[in-house]
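What follows is one structure encoded as structure tokens, with my remarks underneath.
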Amino acid sequence: MKFSSHVWDQLKNKTCDELIAALKKDGWDLRKTSGAKQTWKAPDGRRIVIHYHPGRTYGPKLLKALLIDIGWTENDLKRLKLIK
């Protein structure tokens, strides 16, 4: 999955709280918490582990990996109001 530079410019400053709010809005459910690790499950059965540190942002490599695992497209990011 490849995002354009204007998308990355908007995503790089998103905190983990904003990402988790978008997961909830998209129908993902929190299944398990163990320390800073949160396991989320999508309505279609996909799972993802988010390292939760309030107010912190993710580095570009981790953010890209998370977005690939979540499976959001640019249209999904717009629908969830993560980008304009």
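Of all residues in region 1-50, those satisfying the criterion of being under 18 Å from residue 82 (Cβ atoms), outside any helix (DSSP H, G or I) and either among the acidic types (Asp, Glu) or under 10 Å from the mean Cα position of the chain (by Cα) (or both) are 14, 15, 26, 48, 50.
Take the residues in region 51-84 that are among the charged types (D, E, K, R) and in a helix (DSSP H, G or I); name whichever of them is nearest to residue 31 (Cα to Cα). It would help to see each step written out before you state the result.
Step one: filter region 51-84 for residues among the charged types (D, E, K, R), giving 56, 61, 64, 69, 74, 76, 78-79, 81, 84.
Checking which are in a helix (DSSP H, G or I) leaves us with 61, 64, 69, 74, 76, 78-79.
Working: 61: 25, 64: 22, 69: 16, 74: 26, 76: 22, 78: 26, 79: 24 Å.
Once the filter is applied, the top-ranked residue is 69.
Please determine, by comparing only the residues of region 64-78 that are under 15 Å from residue 6 (Cα atoms) and not basic (Lys, Arg), which one is surrounded by the most Cβ atoms within 10 Å (Cβ to Cβ). I'd like the intermediate steps shown before the answer.
We begin by selecting, within region 64-78, every residue under 15 Å from residue 6 (Cα atoms); these are 64, 73-75, 77-78.
From what's left, not basic (Lys, Arg): 73-75, 77.
On the way: 73: 11, 74: 15, 75: 8, 77: 19.
Out of the qualifying residues, it is 77.
Looking only at region 10-27, count every residue that is surrounded by 11 or more Cβ atoms within 10 Å (Cβ to Cβ) and free of Cβ contacts under 8 Å to residues at least 40 places away in the same chain and tell me the total.
Within region 10-27, the subset surrounded by 11 or more Cβ atoms within 10 Å (Cβ to Cβ) is 10-12, 14-26.
When the remaining residues are screened for being free of Cβ contacts under 8 Å to residues at least 40 places away in the same chain, the result is 17, 20-21, 24.
Number of matching residues: 4.
Rule-based calculations on the coordinates, nothing more; no lab input. Computed from a predicted model, the values in this text were never measured in an experiment. A quick note on method: Cβ atoms are made from the backbone with ideal geometry, for glycine too, and the neighbour counts reach across all protein chains shown.
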